[in-house]
Amino acid sequence: MDEINLMLNGEPVTVANRTNVQQLLLAQKIQLDRVAVVCGGDVVPKSMWSSTLCEEGNVIEIFGVVAGG
Amino acid sequence: MALDDKDYVRYSRHIMLPEMGEQGQQRLSCASAAIIGLGGLGMLCAQYLAGAGIGSLLLIDGDKVESSNLPRQLLFDDKDIGHNKALVSQHKLQHRNPSCQVRGDDNYLGHDNAVNHLSQVDVVIDCSDNFMTRQLVNATCVALMRPNVVASVAHFSGQLLCIDLQKAPQAGCYHCLFPQSLKVSQGCDTQGVLGPMVGVMASMQTLLAMQILLQLDDVQQRRYDTLYRFNGLGLNQLSSRRKRDPQCAVCAPYVMEKIHG
């Protein structure tokens, strides 16, 4: 399987097999210093983005920090 | 602190809750909390906790009331404009709830006063309005091993999490989720916010804080490792499991010490 399909913030996305989270963000032109990532309901800490591979059917959520009060 | 007859009447709707009972109300009357920031979130948390019969509240905010606060910060009115939020809140809440010891500090939380303030309380409630203060509250609570209930809001987005490295070291801290290097774009002063949106987040934040103070750990085990994200337009909430960043510069030393003794 050369490509895998996943959902990114509710939208279908196709990426190359063995794409990691960091590569996914870069491919989607998402600024790495503005977001947190949840994959399959679990937060992926930033230091683990490059070692976490996307898998077929993954549901990935990208969001920024909210700081107001 | 034993409850008297007036307390039984006043707190009867609490006491009839099986999860709370007389023991829970007594526990609350001996408990303490610090609220960082007396804006939209903090002024509501403070009212709920003082009204609920918490033993003592420490209110910390160097900010002054402005007219643009009044549509959502309902503890304040026109006469309060120009006065310090922590001190105005202290005065009003102490008057309404004489059994609660309310203290206000009209300085912002900083490196000079954070440890002293936050070491005095059972739970910290982060209602601040900026990312740097949130990082300071987190680092201080991690070092003190204090539970920290964090809520934030801007536009129609709200985030809520509870950090307690004693209860859930595997979930890490605020910095594991949102490292200090992160750039922040969502604040009320640039994106706007509606009062009820702040109220929803403050209410859930206070509910979490009360659960901690009442030690309702058998009821909701996941509160310490969950990030809640509330969307005020769709009225939906997403829950995600938080994970500790093994390379976190803030909590790694404390968590390793806890895990390995």
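Would you please give the FRET efficiency between A:Arg34 and B:Leu17, computed as 1/(1 + (r/R0)^6) with r the Cβ-Cβ distance and R0 = 45 Å, to the nearest 0.05? The value I calculate is 0.60.
Under a 5 Å amide H cut-off, with hydrogens placed 1.01 Å from N, A:Val37 pairs with A:Val44 among residues at least 5 apart or on other chains.
Sorted largest first by accessible area at a 1.4 angstrom probe radius, with every protein chain in place, the residues B:Met43, B:Met145, A:Met1 fall in the order A:Met1, B:Met145, B:Met43. Accessible surface calculations at 1.4 Å, restricted to protein heavy atoms, place chain A at 49 Å² per residue.
With all protein chains kept in place, the per residue accessible area of chain B amounts to 45 square angstrom at a probe of 1.4 angstrom.
Applying the criteria of a DSSP loop state and at most 12 other Cβ atoms within 10 Å to the GluC sites (Glu not before Pro) of segment B:1-107 yields B:Glu19. Non-local lysine pairs in chain B, meaning eight or more places apart or on different chains, with alpha-carbon distances under 19 Å, amount to 7.
When chain B is treated as a Gaussian network with alpha carbon springs shorter than 10 Å, the biggest mean-square fluctuation among B:Leu109, B:Leu238, B:Leu57 belongs to B:Leu238. Calculated mean residue ellipticity at 222 nm for chain B: -10500 deg cm²/dmol, from DSSP H runs with n ≥ 4 weighted as -39500 (n - 2.57), summed, divided by the residue count and rounded to 500. The charge dipole of the protein assembly as shown, taken about its Cα centre with unit charges on the Cβ of Lys, Arg, Asp and Glu (plus for the first two, minus for the last two), comes to roughly 80 debye.
Using θ = phi - 60° in the Karplus curve 6.51 cos²θ - 1.76 cosθ + 1.60, the 3J(HN,Hα) couplings for segment A:52-58 round to 9, 7, 6, 10, 3, x, 4 Hz; x is entered for Gly and Pro.
Distance between the 7 Å Cα→Cβ label points at B:Arg241 and A:Ser50: 2.7 nm. Rounded to the nearest 20, the size of the Cβ-charge dipole of segment A:3-64 about its Cα centre is 240 debye, with Lys and Arg at +1 and Asp and Glu at -1. Extending 7 Å from the Cα toward the beta-carbon at both A:Thr14 and A:Val59 defines two label points whose distance is 2.3 nm. For B:Asn107, the residues whose modelled amide H falls within less than 5 Å of its own, excluding neighbours fewer than 5 places apart on the same chain, are B:Asp61. Averaged over peptide B:168-180, the number of partner chain Cβ atoms lying within 10 Å of each residue's Cβ comes to 2. Full extension of the segment from B:Leu3 to B:His95, taken as 0.36 nm per residue of separation minus the current Cα-Cα distance, would add 31.1 nm.
Taken about its Cα centre, chain B carries a charge dipole of roughly 560 debye when the Cβ of each Lys and Arg holds +1 and the Cβ of each Asp and Glu holds -1.
Mean partner shielding of peptide B:153-165, defined as the number of other chain Cβ atoms within 10 Å of each residue Cβ, is 2.
Its alpha carbons considered, the protein assembly as shown gives a radius of gyration followed by a Dmax of 20.7, 73 Å.
Under the criterion of Cα pairs below 8 Å and six or more residues apart, the relative contact order for chain A equals 41 percent.
Grab the other residues whose beta carbon is less than 15 angstrom from that of B:Ile60, score K and R as +1, D and E as -1, and report the net. With Lys, Arg at +1 and Asp, Glu at -1, the net is -2. Counting only protein heavy atoms, what percent of the accessible surface of segment B:159-202 is carbon or sulfur at a 1.4 Å probe? With neighbouring chains kept in place, the figure for segment B:159-202 is 53 percent. Sparsely packed loop sites in chain A (the GluC sites (Glu not before Pro) outside DSSP H, G, I, E and B with at most 10 other Cβ atoms within 10 Å) comprise A:Glu56. Work out which residues of segment B:209-252 lose at minimum 20 square angstrom of accessible surface when the other protein chains are put back, relative to the chain isolated, with a 1.4 angstrom probe, and list them by number. SASA drop of 20 Å² or more in segment B:209-252: B:Arg229, B:Ser240, B:Arg241, B:Lys243, B:Asp245, B:Pro246, B:Gln247.
For segment A:3-64, build the charge dipole from Cβ charges (+1 Lys, Arg; -1 Asp, Glu) around the Cα centre, then report which of A:Thr19, A:Gln31, A:Thr52 sits farthest towards its positive end. Checking the options against the dipole of segment A:3-64, the answer is A:Gln31.
Just to be sure I understand: of the beta bridges DSSP finds with both ends in chain B, what percent are antiparallel, rounded to 5? Just about 50 percent of them are antiparallel.
Relative contact order of chain B, taken over Cα pairs closer than 8 Å and 6 or more residues apart, is 18 percent. Restricting to bridges with both residues inside the protein assembly as shown, how much of the DSSP beta-bridge set is antiparallel, in percent to the nearest 5? Around 60 percent antiparallel, to the nearest 5. 3J(HN,Hα) along segment B:127-138: 10, 6, 10, 8, 5, 5, 5, 4, 5, 5, 4, 4 Hz, from the Karplus curve 6.51 cos²θ - 1.76 cosθ + 1.60 with θ = phi - 60°, whole Hz, x for Gly and Pro.
The values are calculated or read from the model by the stated rules, or taken from the named source; none is laboratory data. In this text, all values refer to a predicted model and were calculated from it rather than measured experimentally. Positions of Cβ are backbone-derived with ideal geometry, glycine not excepted, and every protein chain shown enters the neighbour counts. Heavy atoms of the whole protein, side chains included, go into the accessibility calculation; ligands, DNA and RNA do not. Shrake-Rupley method; radii C 1.70, N 1.55, O 1.52, S 1.80 Å.
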